[in-house]
Amino acid sequence: MMMTTNLRSLEEKSRIAIVGAGVFGLSTAYHLAINGFTDVTVFDRSPYSNALYDQHRGCDAASADLNKILRASYGNRAEYQRLAYAAREEWKRWNNELRMIRKEDLPDGLEGVGDLYTECGFLRLSDSPIHPLSEKELAGLSNLEKQFPEYRLKNYIISDSSEEERARTDGWGHVLDSMNWSGTGVLDATAGYVRADKACVWLAKEAKQAGVQFIEGKLKGNVVNLKLVESLESLSDSKIVEGVMTADGVFHPADLVIIAAGGWTPYLVPDTRKLLETTAGSIISIQLPPLQERPDLWDKYSGKNWPVISQGHDAQVYSLPQIDGTIKIGYRGTKFTNYVSLPDNTRISVPVTAYTTPSQTHVPVQAIQEIKEFIRRHFPDLVTLGISYTRLCWYTDSIDNDFLIDYVPGYHKTLFVASGGSGHGFKFAPVLGQHVLDSLREQETDLTKIWRWRDVPQGRRNGLEEGETGPRVLLKQTLATEADWMSVMNV
Ligand SMILES: Cc1cc2nc3c(=O)[nH]c(=O)nc-3n(C[C@H](O)[C@H](O)[C@H](O)COP(=O)(O)OP(=O)(O)OC[C@H]3O[C@@H](n4cnc5c(N)ncnc54)[C@H](O)[C@@H]3O)c2cc1C
Ligand SMILES: *[C@@H]1O[C@H](CO)[C@@H](O)[C@H](O)[C@H]1NC(C)=O
């Protein structure tokens, strides 16, 4: 592909350091490499090559997860709707590619995985039976009608008899029959889930094959500092980043540093703190009995037979089909913050996880209560199993839920940020980097315009304006303990 001339100093041979090997970093690295950039290095402190993005083996990222929802329903945000359907095509292509690989040639971690994307359908239910479809849902349907009429036909409005009839004719009767719901909602047959950890393994492998270098681990891969020099070119306070320092004391020079550090981005790049805030979603698992004991439950809750389900305003609680007998359920009704003091006396929210010091895996009682109600309704035959595991999963929320993908102002285009996933970035893994590249090349598109560095608006800013005086601070919550998990029947 042709290089554009308006790149300050970025050339195909430029040394590019990417901090973070979650999907934002991986997709960026991959698309840089397949577009001719020959010196791309990704740093991450998680041991991904050995532990294969397994969240139980030291991999600490929003991307290192069992599964994530892929949906193109985006209310009135037509750009994301288009992008999600473009991504869906790529996920299907990945499925096909994987199917073509002989079993013995599958990369480590992908043996027996099957498809990365499963189109099990997504059942989006309203708050309560009396609630009409939300404005967001209606806007999404009307956008579908305009942009993808064929997909509108694969979205069925629950409680509308002709739409339900169409769902049955199209083979989705099993989902309608299994749900405990008499209110409104939509069954979206163009959605489903992706295998998050496995998709990262796949994308990392593709990136390596395209020539990307990876430096990983607590010491070697842990970026502790950006090397900054004051610019000599001007008297303003503009700076130049010359590379990154890792925890083993090594300096890695770079012409361009791209920060794709998820929830750790505001920590690494102070400039982003007015645009990004790190917040936690609450995740729980239900572990089904072993397959030999209850093959019926494994079958019932597999993606072949069971959809992704969400309930409530903005998908307050949601569940995904079982993977290896584990059913993941999440609560995002309130996203929690964890404020700490930094050496310079500023206070920001940073992730606290199973692998940070101090560590935390427990989630607030508020989340557990909402999730239990959801389990009673949608998984009544699992209530006695109890919850087997909980974790906080860290979002990087932007002030407007749009990603933040741009050069950081004031660094002579030596520092770039690709973050602000705002809880909906994973599905775009196959295509995201393509658009990061547009932004790096300063090619304006519908998407680069939405994601670029922006001014902070007055008033409501996605809760960022609350800071630590707000009610979402984790320290102000009562955390649930194992006792609360045992039987889902007692609240
Ligand atoms: C609870 C939850 C549910 C979600 N559900 C969905 C969903 O259903 N569908 C969907 O599309 N999206 C979903 N998302 C959003 C999606 O997970 C994120 O948008 C995406 O994974 C973010 O990727 P990332 O690369 O920006 O960050 P991360 O995946 O968090 O990766 C950041 C990486 O940076 C590394 N890092 C940080 N600091 C340093 C440092 N100093 N040195 C070296 N490495 C460093 C970390 O180790 C980590 O590997 C969800 C998010 C959460 C939290
Ligand atoms: C349906 O959900 C309600 C409310 O959670 C619950 O009390 C009831 O047992 C469920 N019924 C069935 C048949 O699952």
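The values are calculated or read from the model by the stated rules, or taken from the named source; none is laboratory data. Every value quoted in this text rests on a predicted model; they were computed, and no experiment measured them. Cβ placement follows ideal geometry from the backbone for every residue including glycine, while neighbour counts extend to all protein chains displayed.
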Residue in the stretch 381-403 that is nearest to ligand 1 (Cβ to nearest atom), counting only those that are closer than 15 Å to A483 by Cα and part of a loop (DSSP other than H, G, I, E, B): I387
Near pairs, Cβ below 6 angstrom, 6+ apart or cross-chain, from the stretch 25-49 (under 24 Å from L219 (Cα atoms)) to any residue that is more than 10 Å from ligand 1 (Cβ to nearest atom) and polar (S, T, N, Q): T41/Q213
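Test I69 against the criterion of being within 21 Å of G423 (Cβ to Cβ), assigned to a strand (DSSP E or B) and out of contact with any His (no Cβ under 6 Å at 6 or more places or on another chain), and give yes or no.
On the way: within 21 Å of G423 (Cβ to Cβ): yes; assigned to a strand (DSSP E or B): yes; out of contact with any His (no Cβ under 6 Å at 6 or more places or on another chain): yes.
Yes.
For the stretch 342-397, which residues satisfy the criterion of being within 16 Å of ligand 2 (Cβ to nearest atom), β-branched (V, I, T) and surrounded by fewer than 19 Cβ atoms within 10 Å (Cβ to Cβ)? Please lay out each step first, then the result.
The first filter runs over the stretch 342-397 and keeps only residues within 16 Å of ligand 2 (Cβ to nearest atom), leaving 368-385.
Still in the running and β-branched (V, I, T): 368, 371, 375, 383-384.
Hits for the stretch 342-397 are V383, T384.
I'd like the residue in the stretch 201-221 that is assigned to a loop (DSSP other than H, G, I, E, B) and among the small types (G, A, S) and, out of all such residues, is nearest to C59 (Cα to Cα).
Initially, the stretch 201-221 is screened for residues assigned to a loop (DSSP other than H, G, I, E, B), giving 210-212, 217-221.
Narrowing further to those that are among the small types (G, A, S): 210-211, 217, 221.
Values: A210: 23, G211: 23, G217: 10, G221: 13 Å.
Selected residue: G217.
Yes/no matrix, rows are residues, columns are (1) at pLDDT 95 or above; (2) over 23 Å from S419 (Cβ atoms):
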position: P307; (1), (2): yes, yes
position: S310; (1), (2): yes, yes
position: T326; (1), (2): yes, yes
position: I329; (1), (2): yes, yes
position: S341; (1), (2): yes, no
position: D344; (1), (2): no, no
position: T356; (1), (2): yes, no
position: Y395; (1), (2): yes, no
position: D402; (1), (2): yes, no
Those residues of the stretch 237-258 which are modelled with pLDDT of 95 or more and in a loop (DSSP other than H, G, I, E, B), in sequence order: A247, D248, G249, V250, A254, D255
Some residue of the stretch 125-146 being under 24 Å from P321 (Cβ atoms) and without any contact (Cβ under 8 Å) to a residue 24 or more places away in the chain: no
Top-ranked residue in the stretch 149-200 [being assigned to a loop (DSSP other than H, G, I, E, B) and without any contact (Cβ under 8 Å) to a residue 12 or more places away in the chain; ranked as nearest to D127 (Cα to Cα)]: D160
Test: S27 is assigned to a loop (DSSP other than H, G, I, E, B), assigned by TED's automatic domain parsing to the domain that holds I215 and either touching a His at 6+ places or on another chain (Cβ under 9 Å) or crowded, with 16+ Cβ neighbours inside 10 Å (or both): no
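I'm trying to understand the selection: among the residues of the stretch 159-194, which are aromatic (F, W, Y) and either in contact with a helix residue (DSSP H, G or I) (Cβ under 7 Å, 6 or more places away or on another chain) or farther than 28 Å from N95 by Cα (or both)?
Our first condition is that a residue be aromatic (F, W, Y); within the stretch 159-194, this holds for 172, 181, 193.
W181, the sole residue that qualifies.
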Helices (runs of 4 or more DSSP H) (entirely within the stretch 261-380) containing at least 1 residues that are within 13 Å of ligand 1 (Cβ to nearest atom) and touching a helix residue (DSSP H, G or I) at 6+ places or on another chain (Cβ under 6 Å): 265-268
Filter pass, D406 being surrounded by fewer than 24 Cβ atoms within 10 Å (Cβ to Cβ), part of a strand (DSSP E or B) and within 16 Å of ligand 1 (Cβ to nearest atom): yes
Candidates A72, A51, filtered to the one that is among the small types (G, A, S), in contact with a Gly (Cβ under 8 Å, 6 or more places away or on another chain) and surrounded by 15 or more Cβ atoms within 10 Å (Cβ to Cβ): A51
Residue within the stretch 40-48 that is surrounded by 20 or more Cβ atoms within 10 Å (Cβ to Cβ), within 16 Å of ligand 2 (Cβ to nearest atom), of a type in the set (S, T, N, Q) and in a loop (DSSP other than H, G, I, E, B) present: no
The stretch 133-170 - residue that is small (G, A, S) and at negative phi and, of those, surrounded by the most Cβ atoms within 10 Å (Cβ to Cβ): G140
Condition check for R454: part of a loop (DSSP other than H, G, I, E, B) and without any contact (Cβ under 8 Å) to a residue 40 or more places away in the chain: no
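Looking at R454, R460, R391, which one is charged (D, E, K, R) and at pLDDT below 95?
Answer to the check: R460.
If you check D296, D314, which single one turns out to be among the acidic types (D, E) and under 25 Å from S398 (Cα atoms)? Quick ask: steps written out before the conclusion?
On the way: D296 fails: under 25 Å from S398 (Cα atoms).
Selected residue: D314, the only one of D296, D314 that is among the acidic types (D, E) and under 25 Å from S398 (Cα atoms).
Which of the residues that make up the stretch 284-316 are on the phi < 0 side of the Ramachandran plot and among the aliphatic types (A, V, I, L, M)? Show your work before the answer.
Going through the stretch 284-316, the residues on the phi < 0 side of the Ramachandran plot turn out to be 284-311, 313, 316.
Within the stretch 284-316, I284, I286, L288, L291, L297, V308, I309 qualify.
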All positions within the stretch 108-136 that are touching a Gly at 6+ places or on another chain (Cβ under 6 Å) and not in a loop (DSSP other than H, G, I, E, B): T118, R124, L125, K136
